[in-house]
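Any read-out appearing in this document is the output of simple, stated calculations on the displayed coordinates, not a laboratory observation. In this text the structure is predicted, and so the values were computed from the model without any measurement. Neighbour counts are summed over all protein chains in view; Cβ atoms, including those assigned to glycine, are modelled from backbone coordinates with ideal geometry.
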């Protein structure tokens, strides 16, 4: 799936890639609608409908990923509500082994995430993997989400890399399409970002299930 001899830089997404997306999906589709319904004295069905419309209107924008924005918009402490579920934060199988292999290679390894800084901090309080990276890049710091070409342009200015010799692994196909447009040559996605949801049968970009399938050495776990 990957000729590692062609890869100098590895860009890794966090949620749905290194970490199980179940925490995030459960929060936005189960926990938040339940609390929102209680707050406004409406049914959970009404809550789901209202929140879905509100959230979907900003999908793919930087604000969509901003906890401060949603705290203000919904008049709820979103970071505090996320903390209630922090026990659900989990790392995907074979991620630590994969990161160790990359760390022991000569490749440049970056975490590139759309997650808000407060989300990143909460996740790392529970599964601290930041030590494996040469750099951590948050889209809010670049003032553009990964779906936007400005993200990749500003990333290049911040941390120069050769797109032709760069691998991006991300569970979001609109992000991968944006990276492809910028010229990043090697693109992979996850077939099951959320361990509690069905495996995706068809993806626009080459996909894999667990990281033991793409280890950058002869080692297999």
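Entry note, the chain: the mean residue ellipticity at 222 nm calculated from DSSP H runs of n ≥ 4, each adding -39500 (n - 2.57), is -10500 deg cm²/dmol after division by the residues and rounding to the nearest 500.
One decimal place: the segment residue 73-residue 100 gains 5.7 nm when fully extended, by the rule 0.36 nm per residue minus the C-alpha distance. Once you sort the root eigenvalues of the Cα gyration tensor of the range 9-128 as a ≥ b ≥ c, which label holds: rounded (a/c under 1.5), prolate (a/b larger than b/c) or oblate (the other case)? Because a/c hits 1.5 or more and a/b exceeds b/c, the range 9-128 counts as prolate. Neighbour counts of C-beta atoms inside 10 Å place 199, 123 in the sequence 199, 123, starting with the fewest. With R₀ fixed at 45 Å, the C-beta to C-beta distance from residue 153 to residue 42 puts the FRET efficiency at about 0.55. Between the helical axis of 117-126 and the longest alpha-carbon principal axis of the chain there is an angle of about 80 degrees. Remark: relative contact order (the range 22-148) = 26 percent; criterion is Cα-Cα distance under 8 angstrom and separation of 6 or more residues.
Compared with the direct C-alpha span, the chain from residue 212 to residue 164 gains 14.9 nm at full extension, assuming 0.36 nm per residue. Entry note, the range 23-87: relative contact order of 28 percent, from Cα contacts under 8 Å with a spacing of 6+ residues.
Only Cα pairs under 8 Å and 6+ residues apart enter the sum, and on that basis the relative contact order of the chain stands at 28 percent.
Ordered by the number of other Cβ atoms lying within 10 Å of each residue's own Cβ, fewest first, 137, 112 fall into the sequence 137, 112. If you take the square roots of the eigenvalues of the alpha-carbon gyration tensor of the range 88-172 and sort them as a ≥ b ≥ c, do you get rounded (a/c under 1.5), prolate (a/b over b/c) or oblate? Oblate, because a/c is 1.5 or more while a/b does not exceed b/c. Taking 0.36 nm per residue of separation and subtracting the current Cα-Cα distance, fully stretching the chain between residue 64 and residue 3 would add 18.5 nm.
Going by the alpha-carbon gyration tensor, a ≥ b ≥ c the square roots of its eigenvalues, is the range 107-221 rounded (a/c under 1.5) or, if a/c is not under 1.5, prolate (a/b greater than b/c) versus oblate? The shape class here is rounded. Identify which of the listed values of Rg and Dmax of the Cα atoms in Å was calculated from the structure shown: (1) 17.7, 58; (2) 23.8, 108; (3) 20.5, 69. Working out Rg and Dmax of the Cα atoms in Å from the coordinates points to (1).
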